[in-house]
Structure formats: structure tokens, C-alpha cells
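**Q** I'd like to ask you about the structure that follows.
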Amino acid sequence: MKSSSISLLFLLVLGTGAPAQESSDSAKGEPVRIKAGDLTAVFTDNAAYAGHRAWYNGVAYLSHQADTSDLFEPPVAGLNFEHIYDGQKWWQPAAALFEPRSSYMSITRLSDISVQLHQPPSDLHKLESWTKFTLTAPHYIDMDFFCIPRAATFDRGYIGLFWASYINTTDEAEKATYYIGHNAGEDSPRWIKYLTPAHAVTGTVKYEKDERDPTFVEGFQRMLYNTFSDSVYSYPFYYGRRGNMVLILMFDQAGPVRFSHSPTSGSPVGPGTYPAWDFQYLIFDYQVGQRYGFKARAVYKPFVSPEDVISEYEKWSGRKVNLTE
């Protein structure tokens, strides 16, 4: 969510475990513009630049030949690393609440189609992280994230991480996301429309086989990540529509990944607000010095059908989706 007013730092050489060398034309601190296939994207660290606000990282701009307007709300971002939380600490300063956004981050161009974000141990929780983004023709962004906790600072034994994508639409008909799942007490998966009534109300969708939940100290503020939907998801992907386009987000693992949504990106309910299509990654029983991570793919292209969304996930994951409808 907005304040008021994943590959790798150690990108492994295949089979060796040795760190990759940085490209000689690395542009740290400057946004990196990449075009591949039908997509044009601008990747950034937490620094401000013309037309882009500080404290927003990831994909600052994304367009498609079929729709040249920015998918993400200017001047912020999508796939933006937003929160690090442990359910215990609650710090009022925005710099602590939005720790990944306020802590130092660098950007390095790795190739014509890929960049890497690196965050040294973050200011509060001392979590080091690396995110590699690769623009893959014709319409994909591949994300490879991993992190290493450098100190025992997560007081309840788990690490909570959160990413936000601020969508450039105020059309109420375009604010929802859609996933395959079911309500409590049901067994058969079906398409579910996920449109929360307000910010931090039913803000999280868990995996259907989840057996653990993060705990929170009494009085912890209501957030997207500690308010829950009555439904659960069956497969780790969802999509949303904007105009004639579709954004699909899919992940290589279920359970640790949870979906989130805000109809207003943290603002009060009302006209002229922008939705946020978000997700979380949970690490239970963490160990200092251990590496954790996930892979994801974003698909941005003209919308065809829900069946086509399923096809994109099946091709990428190698997993078959079974629906009751």
C-alpha cells in the first residue's frame, strides 16, 4: 500500500555456485529501459527520476504494442518490493513500515534483456535480497527472487515479504482480480472474482492446503497481510484486466505465496482511486544465513479468455489445471 499525502546478488553461474560478474555497462542508480517482443519496460531501484517517485522499485513502466499506455500508475510501480514484517515490531515511521522501499537498493543491467536489484541488509530486519527481472519475448517478465536473513531479527520465527503492483485504472469494473479456488467447506475449484470492499478488509487469499498462519502481536495494525478472505486459491496464479489487456501473475510454488488486493491502494473508498494487485511470500522457521526464494512470471498481453490464462500457466509450470466449470 502507498504511504499517505525475484536472479540474484549472487547470480549463480550454472553448476558452479560462483557469483556472476556484473555487466560492464551496469547503470546503478539509473532506470533501465528494455524492449523485447511486444513489451517495453523500465526497471528501477528506490531512487527518484523524472516522472517517478522515490521509494518505489521494480517495474516503473510497462506497455505493450497493443496498448502503449503505462499499465502501472505513474509515478509509482509494479512488482514493487513493499514490506518486510515479522508480526511483532510496529514502527510508526514510514521508513520502517516500507522498509524495502526506504532501505538502500541498487540496480545493475545484466544483459540486453535483464536487470538485477540488490538490497544489502535492510535497515530494520537486516534482510539481504536480490531480484532478477528478465523481459522475455513476446510478452513476459520473469522474476527470480532470493533473500538471506543476516541476523535473528524476526521476532516470531517467520519472515513476511510483500509486493505491490499499482494499476493505472480508476474504472471500478477493472479493479478485481481472478483466481481458481473455492470457499470454505467446498472442494471443487472454480473461478473466483476477488474484489475487496475496502483497503485491509479480506486482504489476503491463502492456499487451500495452508496449515500455518503467521502470528501477530495484539494490537498490530490492520494490514492487507493480516486480514483474510473466506475463499482460498487452488493454483498459484491470478489475473486482472485493464481495458483490452490482461496481467497474469504466476508463481513456482503455492503455500508460501499468498494473494492480496486493495481496491484503493490504501486510500479511502471513493471515485478516482487506483487498485493494487499484490502478493506475499512467507518463510517459516527461518535460519540466519539460509537462502530462500521463488520464481514468478508476469504475462501482459491482450486478453483472450480465462481458458487462455490457464494455458499460459500450464505451459510455464508444467502443471495441469482442473476446473469444475
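The values are calculated or read from the model by the stated rules, or taken from the named source; none is laboratory data. Everything numeric here is computed off the predicted structure, so don't read it as measured data. We place every Cβ from the backbone using ideal geometry, glycine too, and count neighbours over all the protein chains shown.
**Q** If I go through the stretch 195-205 residue by residue, how many of them are buried (at least 20 other Cβ atoms within 10 Å of the Cβ) and of a type in the set (Gly, Ala, Ser)?
**A** Qualifying residue count for the region: 1.
**Q** For VAL59, are the conditions met, namely being at pLDDT 95 or above, buried (at least 19 other Cβ atoms within 10 Å of the Cβ) and over 30 Å from ARG222 (Cα atoms)?
**A** no
**Q** Do the conditions hold for LEU79, that is, is it buried (at least 19 other Cβ atoms within 10 Å of the Cβ), within 19 Å of ALA47 (Cα to Cα), at pLDDT below 95 and within 20 Å of the chain's Cα centre (by Cα)?
**A** No.
**Q** Would you check which residues across the stretch 95-144 are of a type in the set (Gly, Ala, Ser), modelled with pLDDT of 95 or more and out of contact with any helix residue (DSSP H, G or I) (no Cβ under 7 Å at 6 or more places or on another chain) and list them?
**A** Residues satisfying the conditions are SER103, SER106, SER111, SER114, SER129, ALA137.
**Q** Count, please, the residues in the stretch 134-183 that happen to be aromatic (Phe, Trp, Tyr), outside any loop (DSSP other than H, G, I, E, B) and more than 23 Å from PRO197 (Cα to Cα).
**A** Count: 4.
**Q** If you take the residues in the stretch 114-152 that are crowded, with 18+ Cβ neighbours inside 10 Å and of a type in the set (Ser, Thr, Tyr), which one is farthest from ALA36 (Cα to Cα)?
**A** Once the filter is applied, the top-ranked residue is SER122.
**Q** Is it the case, given these coordinates, that GLU208 is buried (at least 16 other Cβ atoms within 10 Å of the Cβ), of a type outside the set (Ser, Thr, Tyr) and over 19 Å from the mean Cα position of the chain (by Cα)?
**A** yes
**Q** Given TYR104, TYR166, which one is aromatic (Phe, Trp, Tyr) and either over 16 Å from the mean Cα position of the chain (by Cα) or surrounded by fewer than 23 Cβ atoms within 10 Å (Cβ to Cβ) (or both)?
**A** TYR104
**Q** For ASP187, indicate whether it is part of a loop (DSSP other than H, G, I, E, B), farther than 29 Å from LEU71 by Cα and within 20 Å of the chain's Cα centre (by Cα).
**A** no
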